[in-house]
Amino acid sequence: DVKVTQSSRYLVKRTGEKVFLECVQDMDHENMFWYRQDPGLGLRLIYFSYDVKMKEKGDIPEGYSVSREKKERFSLILESASTNQTSMYLCASSLWGGAGNTIYFGEGSWLTVV
Amino acid sequence: TQLLEQSPQFLSIQEGENLTVYCNSSSVFSSLQWYRQEPGEGPVLLVTVVTGGEVKKLKRLTFQFGDARKDSSLHITAAQPGDTGLYLCAGAEGQNFVFGPGTRLSVLP
């Protein structure tokens, strides 16, 4: 089975703090994604990566950055956390295209910024 | 960017009833996935459908991909309280994915 692991399930951070959310997948997937999920807004793509050291902005990249130094690891960074970044963050991975392309999610990280 | 619509948005039924939820788009996807998400957890993959007209069964759940690969349905037979959750559909668009807003299902004992 595909396993996407998010290291922190619940975090509480203060406004202005730097926050790191870590994600590891064990299926040698090329593609990795970070989404945030908010009530009434659904899943919104923050950043994605098709390869090591490669990153692309999603729909809502402002206030975030990412790092992909190894194929299995994709980190989301909040340089200076703000209260409007309180949300559920979901990491996901998928193989490189093809029929039956499927995205797999981690358990989610609940971030509260106070 | 392709869009996915899901209906109904909310559904509350009694245990033992049958139900169908829908996922629709005006565009074609190379594959489509269904997920169930429980509160506080990430979406869990239920099925991937690839071929137009494909039908897949997972115990009491039946998934169908439309012939034109633009829409899909999920039918649950004899719903149980454990089926309660948010059902999301997602379509593969190149290397990225498009998500529907979800159907929130509540099955009452």
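The values are calculated or read from the model by the stated rules, or taken from the named source; none is laboratory data. As the structure is a prediction and not an experimental result, all values here were calculated from the model. Positions of Cβ are generated from backbone atoms using ideal geometry, with glycine treated the same way; all protein chains shown enter the neighbour counts. Only protein heavy atoms, including side chains, enter the accessible area calculation; ligands, DNA and RNA are left aside. Shrake-Rupley method; radii C 1.70, N 1.55, O 1.52, S 1.80 Å.
Let me know the charge dipole size of the protein assembly as shown about its Cα centre in debye, to the nearest 20, where only the beta-carbon of Lys, Arg (+1) and Asp, Glu (-1) is charged.
220
So for A:D26, A:D59, what's the accessible-area order with a 1.4 Å probe, most first?
These residues rank, largest area first, as A:D59, A:D26.
Going toward the positive end of the dipole of chain A, with +1 on Lys and Arg Cβ and -1 on Asp and Glu Cβ, which of A:W96, A:W34, A:L111 do you reach last?
Projecting each Cα onto the dipole axis, the largest value belongs to A:L111.
Among the residues of region A:75-114, which ones have their accessible area go down by 40 Å² or more when all the protein chains sit together, as opposed to their chain alone (1.4 Å probe)?
At a threshold of 40 Å² (probe 1.4 Å), the residues of region A:75-114 that become less exposed are A:G100, A:N101, A:T102, A:I103, A:F105.
Averaged over peptide B:31-43, how many Cβ atoms belonging to another chain are found within 10 Å of each residue's Cβ?
That average works out to 5.
Leaving out ligands and nucleic acids, and using a 1.4 Å probe, what accessible area per residue does region B:61-109 come to in Å²?
Value returned for region B:61-109: 36 Å² of accessible area per residue.
Show me you know the interface measure: the accessible area buried between B and A, both chains summed, probe 1.4 Å, in Å² to the nearest 100.
Roughly 1600 Å².
Which one of A:S65, A:Y47, B:Q6 has its Cα pushed farthest toward the positive end of the charge dipole of the protein assembly as shown, where Lys and Arg give +1 and Asp and Glu give -1 at the Cβ?
Value: A:S65.
Roughly to the nearest percent, how much of the accessible area of region A:1-87 is carbon and sulfur, given a 1.4 Å probe?
48
Give me the accessible area of A:M32, 1.4 Å probe, in Å² rounded to the nearest 10.
Near enough 0 Å² of accessible area.
Would region A:40-94 count as rounded, prolate or oblate if I go by the C-alpha gyration tensor, calling it rounded below 1.5 in a/c and otherwise prolate when a/b exceeds b/c, oblate otherwise?
Numbers: a/c = 2.04, a/b = 1.52, b/c = 1.34.
Judged from the Cα gyration tensor, region A:40-94 comes out prolate (a/c at least 1.5, a/b above b/c).
To the nearest 20 debye, what is the magnitude of the charge dipole of region A:4-107 about its Cα centre, counting +1 on the Cβ of each Lys and Arg and -1 on the Cβ of each Asp and Glu?
Value, rounded to 20: 240 debye.
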